[in-house]
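Data first, discussion second: the structure below is written as structure tokens.
We did not get these values from a lab; they are worked out from the coordinates using the rules stated. None of these values were measured; they are calculated from a predicted model. Cβ placement follows ideal geometry from the backbone for every residue including glycine, while neighbour counts extend to all protein chains displayed.
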């Protein structure tokens, strides 16, 4: 049985250990938890849906506009108004599309049975040690009648799902290594083989949850009140951390707030600089024409540089036991695209794009999903309020494109018609660190990273960035997976 | 026309050559002697000669060719034979002059587009005019005598996928967009398009003007459709639509054939189709040579309808000759056959076939037969094979054997769960008996006997057994095995009494394999006379099965069973035995006389307790047999009633197949409840999940009458609570029950309560509601 799905019982019955032995907890929290063990009154943990964004910033249901309200209502009536939705509520247009897609993938007609879908969600989220999503789906999985034995680990699941482990691993960390042999081994496994339609469904689910894990860490989503870690005395199942500083040791909140104010003063003008650069790029683009070789070099440089961007302080966080049981080979992580001579040909979007190729393949095998994803990608890519921090009426398309293409660049996907020099102009180092961490090893995202990029921007804008990152990542993974499937089919 | 003939004789065979890299586009020069192939890593000119393609020129020069060579599209000028234009993936538009003396033939480089250029197009009659369409949403018109574009057209939307000058209107061009729109522009007016309409859902990948018909535009989209638009009217009118099986990447009208066009697809499908737009269901011709998606198609010459060139991602360049094309219509089967629910049969076939046979072969049971002929006025311009079909409907006789009443009644009345096993069997046996299906009835009875707990024998409630008088039921569970086992060797003893039979049996052991034929014949003939349900049914069974054709192999096995009555498995050296035994066991027919004697014998020979598993192979065979006979109802019902007793014996796929067939039948007869019960009782995961699919119920808001798109109780359009209880006037948040007549309703308890005391709708609408 899944430990953290029923952690309270297990803790009580199978050990004489105290809570503090199982989980590292600071003195403050220990006091709290000791108090609670006796009474067992559930209480919310954390402050609001996100650890990064002050609760009061996140829209209160009573204050939101009618549209967001109705989306929340709908989500609520379906049984989930999770913290992810609350944070996404900054961008109702996107949220609507996101929820529709997710609902379709999990609940509506599709090739995979319901418990398979949730289990795949668990597998995918566990790859990034995202206990938030794992817990959410463990509950759902059991609710739709899933076999609790599967939760003991992948080896408890049917052969067919085990076979998916490899794909999950590659897709999550190094999708460019995916070949048609991987696809073939899934589709031709005698009685355990996947059908093409099932595989597409699984691939969409995997990529959806990989990228959602990125979002969850990127926005510091806290556990829902109804899931484990959301309400008991027990800390969130990301064990190894304490409740109060789950954001990887950022000390006291007040201290940080104080710091932040100082910093804001220091960096004012950051936005203006960025806007100035965008303007310059816009204007001088026609004049100075970089040579083709120069363009290629710029792409390669971005690619290599993205590799040098250090993710997190390398205090290797050991995956928590609870979550790691859902995947094998925990050491397998993101590896830079162009590291150690492992050279893979650049993926050219002009040769295999979502719009022309991916869409058709998905829609053919899993009707309507192509449409839903297409819509979601477009909304995420085109979303703009024409604002930057306090400035109104700004055309942000250049910035958005730079972010999108930078992420694809990290996955080795190149747009022939993009000048990668722009990325260097527009994205500063701390932002790149954040992007890299969130996309490639989201579990290492810290509150400090979240705070240190774009310091003058609104939280809603940072969430907007997160949406872009998440969708760009999903599309990148999908492109590799679908290309492999296409190659298998031809 | 002369020209055409001359062209097609130059090289009139299907041929191909390997390219070094995948092609993205191809184009031919005007006199159809050379073709240019362009792609990310290839840019070459080939000459088309009698014995194949010959490489003439490699335009991709330089040590490290730049992205300007990475072509998304290419076009050869149709008037100026040395002029080519390419669209590069990095946004450059490049023109090439083959007459340049140096190796690098590049003439102009326009880098005005910010994104990939998807398409370039020369004006058909104006030498210096070139048009481009790009991902950045702009179209640009270049005058090749100048260094930059002369006009820019903004589509006011995302990417332009195709641009095409009109063949007939000098100033007009069409542009197709990723958002599904098609725009018409006047080249002199860059400020605004002349006309815009939505042609497809999703991107329109290509468009092509008809070479002769002014105003006909063909478009192809990601939505897998090819549409032909008439632009001469005020609103663009869709006049033809062809549905293909994959997104349409290119469309090209066929020269000299007014209604023909060629298409190829972007994904999955590698073939090139030539369609007659008037016959949208089946391609006129297909070229199936490519191994990967076809990326470029072009007719070799504007007056030659017989030669088509194509380039593909599989790195080949093909010349297709029309006479080598496959014609799907020739392979299409113009016959259709369909069974109606009640045994009616409709049959459509080529008219010629039907008229020939109509007089000679009247349908034996078909008292009524309606030949219906559909005629399509033959169109001489269509080169399609004209097929006229005749449709005949054979109605089954009103009370013929093919009537399905028994099926419906059986389905309704069978009990599949909820009672002890023995009772279920008895009940079902009774149902079968009442419906005059004695064989089935007997099967149920036997199942009960075989699988009931021997320590707790059921009472001989069965009517069949009562015939056997004083013979204890305990033994009769051996009846089936015994009767078949003893059958063939008793041929001489049929009339004999118990004693003789027994003796004979014992003596007979050495002559196992003898003379089964004669005996079998006898049996079949004889059985006609029986009116006993048990035996006559079994006879019928056998007649259908035509078992008598192979008695030789089958019968000897019985000895083994008799000799080793307690052996749980038939001996291994006779591998056929388990297979045969089941169906055969049932197919034996004996006179009542014999059966009595047999059972007496069995009393002597058998130990009364055999484990139920002993029968499993037999029952499995029996189920297979029923399913084979088309009575999948029986197979599934037994499967459900026996449950775990038999499930392991039958492989999952077979079970699933049976379930699916039975559920399908039930649903065709609109027996929804039964079908649902079967789904619930099934143990196959593939079946039980049927109940979880399509469970959405769509409702309209009771207030504004529009569909409730959100799943809650509040309508998101009128912001009213949509489901208010008509009794208590509060919002219903749980179970909502409503009258299907007047659509008023409310809380389940409230409505129940209300309708106990009143017949009228609680809302006061005057409808007489009913609650059942």
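Across peptide A:408-420, the average count of Cβ atoms from other chains found within 10 Å of a residue's Cβ is 3. The listed peptides B:734-744, A:349-359, B:620-630, A:178-188, ordered by packing as a protection proxy, come out as A:349-359, B:620-630, A:178-188, B:734-744 (highest mean of other Cβ atoms within 10 Å first). Legend: ranking of residues A:461, A:74 from fewest to most surrounding C-beta atoms inside 10 Å; resulting order A:461, A:74. Remark: A:409, A:219 ranked as A:409, A:219, counting other beta-carbon atoms within 10 Å and listing the fewest first. Sorting A:448-460, B:749-761 by average packing, meaning the other beta carbons within 10 Å per residue, from highest down gives A:448-460, B:749-761. Peptides B:130-142, B:226-238, B:428-440 ranked from most to least packed give B:130-142, B:428-440, B:226-238, packing being the mean of other C-beta atoms within 10 angstrom over each peptide's residues. The mean number of partner chain beta-carbon atoms within 10 angstrom of a residue's beta-carbon across peptide B:67-77 is 2. Averaged over the residues of peptide B:682-690, the number of Cβ atoms from other protein chains lying within 10 Å of each residue's Cβ is 1.
Ranked by how many other Cβ atoms sit within 10 Å of their own Cβ, fewest first, the residues B:669, B:284 fall in the order B:669, B:284.
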